[in-house]
Amino acid sequence: MIGRTTSLDNQDLSWTKHANCQGIDTNEFFSEEGEKTYKNAGLLTRICNNCDVKQACINYALHNKVSGWW
């Protein structure tokens, strides 16, 4: 997801270039199916808590019904 400027339905994703998670494996932000915990929750918290585009990221997830660490 990070680095793309538009999604399949032409949503503006230009905000992603300002995300703190640039360059981090996006699989870290999703738990295994059926799991309710994240292996690197502390790291994810630090990455997301100080991110300038956190709200845009959450809005994207809610709009697109994406489950993961937001």
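Just so it is clear, none of the values below were taken in a lab; they were calculated from the coordinates. Keep in mind the model is a prediction, meaning the values are calculated, not measured. Here the Cβ positions follow ideal geometry from the backbone for every residue, glycine too, while neighbour counts run over all protein chains shown.
A few points about this structure:
- Base-10 log of normalised Debye intensity for the chain (one unit scatterer per alpha-carbon) at q = 0.12, 0.16, 0.19, 0.25 Å⁻¹: -0.30, -0.55, -0.78, -1.29
- Under 5 Å from the amide H of residue 11 lies no amide H of any residue 5 or more positions distant or on a separate chain, with H modelled from the backbone and absent for Pro and chain starts.
- Full extension of the segment from residue 28 to residue 43, taken as 0.36 nm per residue of separation minus the current Cα-Cα distance, would add 4.4 nm.
- In the chain, the longest principal axis of the Cα atoms and the axis of helix 54-64 are about 80 degrees apart.
- Cut-off of 10 Å, at most 13 other beta carbons, DSSP loop: longest stretch of the chain lacking such trypsin sites (Lys or Arg not before Pro): 5-35
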